[in-house]
Every structure is written in structure tokens, then in C-alpha cells.
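Here is the structure we will look at, set down as C-alpha cells.
Nothing in this text is a laboratory measurement; each read-out follows from the coordinates by a stated rule. It should be emphasised that the depicted structure is a prediction, and the values quoted were computed from it without experimental measurement. Cβ sites come from the backbone with ideal geometry, for glycine too, and all protein chains shown count toward neighbours.
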Amino acid sequence: MKEIYIDDLTGCYNRRFLYYWIENEIKRATRFVTKFALILLDMDDFRDINNKFGHSEGDKVLIEFSSFLQTSIREVDILVRYGGDEFIILMPNTDEKGMIELAQRILTNLKEIKIINYQILCSIGFAVFPDDGTTPETLIDQADSLMYQAKKEGKSRIGLKQEIVKKLQIPSPVTIGRDDESNWCLDQLQNYNTIFIAGEAGIGKTRLAFEIKARLKTPILLKGNAYAALSSVPYHPFKNMFNELINKDFGLIQRVFKQMPEIYQSEIKKILPAERVVRIAQPESLDKYRLYNSVSEFMNRISEIFSPDKTILLIDDLHWADRPSCELLDFLMRSITSNIKILGTYRVEEIKNSPLSDFWGIWAREKLYTQMTLSPLNKTQSDQLLEAIMGVVSASNSWPKTAAISKYLFISGSRNFSFLFIVSSIELGIITSRLSANTHSFPFQ
Ligand SMILES: Nc1ncnc2c1ncn2[C@@H]1O[C@H](COP(=O)(O)OP(=O)(O)O)[C@@H](O)[C@H]1O
Ligand SMILES: [Mg+2]
């Protein structure tokens, strides 16, 4: 290899080669759809050796350390002296698991040997292409920041990322606050069969619905989700609901079906998910009212089997519901037996353009529903929520203190809203867990 790529002191590759290699490897890994990993190692307290025993002794340690690393890596791996006492191991065709194995082996072996006469330890950061970045800079940046994380946590370790993700308890195992809201709903359910829960995205509407379910101790929750992308697909929240039921207990659905008049069965089949139930050969056109009656009948029957006492039908994110679904909902609100309670959630800011807005007036006049608008948790409650989600983590010091996060959210305005929004985005996969865990890019820092 040309000398311009070699580190004078240790004979490993140098920084210039590092960039050359990563750029090429990115092209290769992209073409062959593979991963590669890099490990950044920084010796712990190397400065002490230089200070106490002089630079030439320091240099000997560096040489010896680099040959220790050289013997630790595979033949295909490449050792680079990144600068001073920092080294990088480049691992082609390697994912996070393989990379962590090597990093851990290095840490363990270092503890068992002496480098010249010294006990040398090091702190480790890493990055995997393309999971952690797709340019040399972002990859090295992440490795660097995780290495720094390792130092902060007490050195001689790997700066963690995955562990943080695992320790984040999302969704929060306990519901914080919402006592008044839940009780209010339970109380209202004695007079109303339908409650709408309104509020901003991420404020806790769905969570409240589940809390109500828990407090009612109902074993089943018929849940249909409306989606923005499907807002023109007729009956999609109900299709979604049937789909969930079928996935949960196909046998049960069949049993309920068999009890129903055939004419109802064939009506519902028209809106059932195609994959699981054979459709009738030549679908006749949908008879709206017969369909409404069929769905209503289906719900009555399923609630009789499961929990004759009380069942909840939750239609989530109603602001995205299509018009036929709104009409069906209208029918159910009027016709369903009173042991079935309907909960609907919607975002205030989105409801104006939804077909649902045509129904409010009539429903209000007929007193068919009641509703509540959720407000954000208060400061103490949001702190409790942070603790519930991150408690385990803050104990290990590997995560910025909740207070710091709290402060960030406070500065950013509606703190509770932003927090819940981020949490639900992680849940939905809009923000990836990598982003959430990567201390470098996580917005809380
Ligand atoms: N009171 C609460 N206690 C604990 N976690 C909550 C609470 N409210 C919301 N969350 C959590 O915050 C996230 C967003 O709440 P979610 O109910 O999905 O919001 P929305 O339905 O209003 O968009 C979820 O992870 C949820 O579990
Ligand atoms: Mg929701």
C-alpha cells in the first residue's frame, strides 16, 4: 500500500486511508446491499502515561496497543490510527451484532493483559452503515459521540445505543394522571352511549380510551382505526376492525357469523378483508341499510359472547374516517344496544375538513353523544411520565437526566404535547428508534 496511507509510528493505516476506504465501502455496500461497521477506540487515560513516563514511552504503548488490536481483528478488517491515541477498526460485511462481539472481546482481553507494563483500557464507540449514517462524516460522528458517551459513563466500555432503546418504556407502563378525565367519561357513559375524545395529535386520546377500557374491565375492545391515506376508502375503519378481530380469533368470528342470518353474513363479507374470507363469486352491490344492520347485529352478538356486561367500540382518529363510515357510525350510535359503548377520538385541528363535521349538528340536537377535549398533562405529570418512560435509564446515568429533557420541552413551548408527539412518533415508527436512541441526534439533548 502506498506510504501516503500508512501511519508512521504504528504502521497501521492512517486517517487519509480511512476516508478513502469508507467512501469506497459505501459504494460497495450499497451495490451489494450489505452493511459495514466501524469501531472507534480511544485509550483511557493515555495522557497519564505521556505525562508520567514521557512521550517515547507513550509511543511504545501506542505501537504495542496497535499490534494488540491487529491481532484481535479478522483478516478482512482494517485497523486505522485515527489520531493521537484513537484507533478505528473497519469491518466490511458486518452488522451491529458482529461488531459488538468484537468490541466486547477487545474490552475483555485488554483487562487480562498488560501493554508493555501498563494496564491499558479503552472506551469504544461505533457506527453501522447504513443504519447509523450514509456518509463518512455521519458514521464517524456517531462513533465519536458514542465513544464520548462511554467515557462519561466511566470508561472501559462501549457507548450504548441499543440498550437505551430497550430501556425506554414506550408506551409508558402506567397511565399518568387522567383520573378526572376517566371518571368523567365513566360517569357520562351512564347517560350516553357515545363519547368523543378530542385533542391535538399525541396528547393522549387513544391512551385515555384504553384507560377507560381498563377501568370498565371489559375484556374486548373493538377497535377500528381510520387513516389519512385511506380516507377515501369506504368503511376502512370498520374493515380495519374486522381485520384485527380476524387476526385475534378467527374461530370466534366464524362462530358469531354462523349465528347470524345468512343475508347478514353475505352483507358483512362484502367489507371483510379479502385475504382471509372467501368472497362471494359475484358481489352484488352493497345494500347500505342491510350492511348497517348486519354490522350492528354482529357487534351485539360478539359483545354477548365476550362481555354481555359492557363492550367498547373504539373508532380511533375519526377525523380521517370516510363518509360511508361516518354514516355507519351514525347508524350504530342510534341502534346499538346500550351495553356497547362507542368511543371516538379525533384531532380538533383536522376535523373541519372531515365528512364527520356534517353530523355534529344532528347528533348534538338529538343528544346522541357527549365529548371532552383533552388538555396537556401538567408539569408534575409530564415529569412523572418522563420518569415512567425513562426511569431505568436515568438510574444508569447513560441518559441525560429527565430534568434536562424536561427543560428542553419546556423551552419548546407546549412541553407535554411535544413530548407525547415524539413518543407516539417513535411508536408509529415515524421517528426511528435509532434516532431516538442516538444521543447525537436525539432532540432532547
Ligand atoms: N396519561 C398518560 N400516561 C402515560 N402515557 C401516556 C399518557 N398520555 C399519553 N401517553 C403516551 O403518549 C403517547 C401518545 O399518546 P396517544 O394516546 O397515542 O395520543 P393521541 O391518540 O392523542 O394521538 C403514547 O405512547 C401514550 O401511551
Ligand atoms: Mg391516537
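Side notes on the structure shown:
- Percent RCO, i.e. relative contact order, over the range 179-373, from Cα pairs under 8 Å lying at least 6 residues apart: 37
- Computed from the Cβ-Cβ distance with R0 of 56 Å, the FRET efficiency linking Thr108 to Leu252 stands at 0.60.
- 20 °C / 1.002 mPa s Stokes-Einstein diffusion coefficient of the range 179-373, Kirkwood radius on C-alpha pairs, µm²/s: 126
- Derived scalar couplings ³J(HN,Hα) [the range 107-112; Karplus, 6.51 cos²θ - 1.76 cosθ + 1.60; whole Hz; x for Gly, Pro]: 4, 5, 5, 4, 5, 9
- Placed amide H near Lys223: partners under 5 Å, 5+ positions off or other chain: Leu314
- Cross-link pairs Lys27/Lys155; Lys27/Lys97; Lys310/Lys367; Lys270/Lys367; Lys97/Lys152; Lys258/Lys341 - those with Cα-Cα distance over 28 Å: Lys27/Lys155; Lys270/Lys367
- Distance cut-off 20 Å, percentage of C-alpha pairs in the range 2-160 lying past it: 47
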